[in-house]
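Working notes for the structure below.
The values are calculated or read from the model by the stated rules, or taken from the named source; none is laboratory data. All values derive from a computational prediction rather than experimental measurement. Note: ideal-geometry Cβ built from the backbone for every residue, glycine included; neighbour counts use all protein chains shown. Ligands, DNA and RNA are stripped out before the accessible areas are found, and what is left, the full protein with its side chains, is counted by its heavy atoms. Shrake-Rupley method; radii C 1.70, N 1.55, O 1.52, S 1.80 Å.
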Amino acid sequence: MKVLVTGAAGFIGFYVSKVLLEKGHKVVGLDNINDYYDVNLKFSRLKELGINQNEAEEFNSLCKSKNESFTFIRMNLENREELPHLFRKEKFDIVCNLAAQAGVRYSLENPETYIDSNLVGFLNILECCRHNDIKHLVYASSSSVYGLNEKIPFSTDDNVDYPISLYAATKKSNELMAHTYSHLFKIPTTGLRFFTVYGPWGRPDMAMFLFTDAIVKDRPIKVFNHGKMERDFTYIDDIVEGVVRIIEKSSEKRIDHNEFYKIYNIGNNNSVKLLDFIKEIEYNLDKVATKEMLPMQPGDVERTWADVNQLIKDYDYSPNTSIKEGVKYFIDWFKGYYN
């Protein structure tokens, strides 16, 4: 099976590419390697996949990896000439679209970036799937689409018409766009609403990384809503297990209209108090954090919790990494990577 993984230099895309390769699939990774966070971390992930940084820095040129089953290209999703050319040349079976401009708070300051990447880029992906006989499009949505939903746990049957950040609005838009293309052109699409993913190689703008880095450097950590927050923290291996299962099951035909378009929550099926999460980080670092208690931030929500029963039913999904284990794995990696 030949899979295009967009966002391959990103956190989840890197792991999905790695596991697909380990399972014997051919993978083409795509990423624009923007500077939303440290590009050195992105190039380090690519190095783990056998890609030379000097070659990867050039746009729109396929790079060969030390792994013969992997190639990489630096490209913007919104490039309406180069992306269709790539699809025609490489003849993918499956597309796993994990590329997006991430971050809720960043969307308040840089809205145009989200429209370019998350809307224009996603439309380009859909058009390429439409015209190149793609068997299945698996794409990243987000738990942020639930907005101020008060019903716990969050279910894909809940109303998601009231996003409270532009990032969330773009993800909701992706789901609507996918539904339209599934309906009109019979393209099988599966959207995955990710819930607070963490683990080794994680994003520096996420709580796990921010807290650890601050504590190590004796800086105070910012704790929003005065610590009254809960998140469905999901370890990266559990996320990737679900994504890869869906990709590998793509060969199964979908029969009717309802089968062409699917949305799933993908998370740990549990909600953890933010202060308990911080305690686990403190324990593994053997240091107590100085906490700066702050009010709720615009675009943020107090609690998330994923109902993943449908994913369990359809794909035998089984998230089983505890916070205790997951935090330890991250801290061990952090200490090694940053000495």
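Structure summary
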read-out	value
Residue check for R105: of a type in the set (K, R) and in contact with a helix residue (DSSP H, G or I) (Cβ under 8 Å, 6 or more places away or on another chain)	no
Selection status of T212, open to solvent by 10 Å² or more (accessible area, probe 1.4 Å), under 13 Å from F277 (Cα atoms) and either in contact (Cβ under 8 Å) with a residue 40 or more places away in the chain or touching a Phe, Trp or Tyr at 6+ places or on another chain (Cβ under 9 Å) (or both)	no
Within segment 103-126, tally of residues that are in contact with a Gly (Cβ under 8 Å, 6 or more places away or on another chain) and either among the basic types (K, R) or closer than 18 Å to E175 by Cα (or both)	2
From the options N132, N67, residue that is touching a helix residue (DSSP H, G or I) at 6+ places or on another chain (Cβ under 7 Å) and closer than 22 Å to K47 by Cβ	N67
Residue list for segment 118-129, filter: open to solvent by less than 10 Å² (accessible area, probe 1.4 Å), hydrophobic (A, V, I, L, M, F, W, C) and within 30 Å of V301 (Cβ to Cβ)	F122, I125, L126
Subset of segment 130-161 [in a loop (DSSP other than H, G, I, E, B) and either buried (at least 22 other Cβ atoms within 10 Å of the Cβ) or basic (K, R) (or both)]	I134, K135, K151
Matching option when the condition is of a type in the set (D, E) and in contact with a strand residue (DSSP E or B) (Cβ under 6 Å, 6 or more places away or on another chain), among D93, D31, D35	D93
Cβ-Cβ under 9 Å pairs, at least 6 apart or on other chains, segment 314-336 side at positive phi, far side surrounded by 13 or more Cβ atoms within 10 Å (Cβ to Cβ)	D316/R245
Tally of residues being surrounded by fewer than 23 Cβ atoms within 10 Å (Cβ to Cβ) and either of a type in the set (A, V, I, L, M) or not in a helix (DSSP H, G or I) (or both) across segment 167-177	3
Any chance V308 is hydrophobic (A, V, I, L, M, F, W, C), modelled with pLDDT under 95 and surrounded by 13 or more Cβ atoms within 10 Å (Cβ to Cβ)	no
Residue within segment 194-204 that is touching a Cys at 6+ places or on another chain (Cβ under 6 Å) and aliphatic (A, V, I, L, M) present	no
Strands (runs of 3 or more DSSP E) wholly inside segment 1-117 containing at least 2 residues that are open to solvent by less than 30 Å² (accessible area, probe 1.4 Å) and farther than 24 Å from R193 by Cβ	70-74
Cβ pairs under 9 Å, 6+ apart, first in segment 269-288 and over 12 Å from D232 (Cβ atoms), second surrounded by fewer than 19 Cβ atoms within 10 Å (Cβ to Cβ) and of a type in the set (D, E)	N284/D332; K287/D218; V288/E282
